[in-house]
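Here's the structure, in structure tokens; my notes come after.
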Amino acid sequence: MGWQNILYRRMRVCSTARNGSYSWAAQKGIPALLLERGGNGRWTPEEVEADCEDVLRLMNHLGIIKEDFNVIRQTEISKAVYEEAPADGYWFPEVCAGQEVLKDALLGRWKSSDGTQNYEVRARFAGRILYETTALGVRRNDPLVAYGTA
């Protein structure tokens, strides 16, 4: 299992999203799990296997099945920032998922479609990159980068 899988399995982020099936379920009190591994539309067989194991772990936790799993210590990301595009434009990331960043670190640059506006996205606090958008073109309110800390 690669370092990213080990890293991601050790982080747990409570989502505050209000869109998507998993967030609808959670808002209704139904247990929901969103697994994020891979990146850029790429995944490995090990990542798929780890996702399947995580679903089994959740089912075990809920008492649906009875399995004996080794404990994986996780860090709860209690403070997270989700940066979004201020308008249609272009995104140039400077970081990648899993990377540790310091306060004020440059996370990426956003430029407006017409070239009249430039905006640097900087970390408001030290933390770890949870994901970054790798698409060049972004629409208003599209996610750009997320980072968090315990």
Here the FRET efficiency for Val81 versus Leu58, based on Cβ atoms and R0 = 22 Å and rounded to 0.05, is 0.25
Given all pairs of distinct Cα atoms, the stretch 47-150 yields a Kirkwood Rh in Å of 15.7
For Lys103, the lysines lying under 27 Å Cα to Cα, once residues fewer than eight places off in the same chain are dropped, come out as Lys79, Lys111
Label model pair Leu136, Phe69: point-to-point distance (7 angstrom along the Cα→beta-carbon line) in nm is 4.1
Of the convex hull enclosing the alpha-carbon atoms of the stretch 30-69, the direction-averaged projected area in nm² is 3.4
Rounded to the nearest 10 degrees, the helix 45-61 long axis (Cα) sits at an angle to the longest Cα principal axis of the chain of 60
Charge tally for neighbours of Leu102 with beta carbon under 12 Å away, counting Lys, Arg as +1 and Asp, Glu as -1, is +2
Magnitude of the Cβ-charge dipole (Lys and Arg +1, Asp and Glu -1) of the chain about the Cα centre, nearest 20 debye, reported as 420
Heavy-atom accessible area of the chain with neighbours in place, 1.4 angstrom probe: carbon+sulfur share in percent works out to 51
In deg cm²/dmol, rounded to the nearest 500, the helical mean residue ellipticity at 222 nm of the chain, built from -39500 (n - 2.57) for every DSSP H run of length 4 or more, is -6000 deg cm²/dmol
1/(1 + (r/R0)^6) with r = Cβ-Cβ of Val48 and Leu106, R0 = 41 Å, i.e. FRET efficiency to nearest 0.05, evaluates to 0.75
Scalar couplings 3J(HN,Hα) for the stretch 73-78 by Karplus 6.51 cos²θ - 1.76 cosθ + 1.60 (θ = phi - 60°), nearest whole Hz, x for Gly and Pro, are 5, 10, 9, 7, 7, 9
Counting only protein heavy atoms and rolling a 1.4 Å probe, one gets per residue an accessible area for the stretch 14-150 in Å² of 67
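The values are calculated or read from the model by the stated rules, or taken from the named source; none is laboratory data. Being a predicted model, the structure only gives us computed values, none of them experimental. All Cβ positions, glycine included, derive from the backbone under ideal geometry; neighbour counts span all protein chains shown. Ligands, DNA and RNA are stripped out before the accessible areas are found, and what is left, the full protein with its side chains, is counted by its heavy atoms. Shrake-Rupley method; radii C 1.70, N 1.55, O 1.52, S 1.80 Å.
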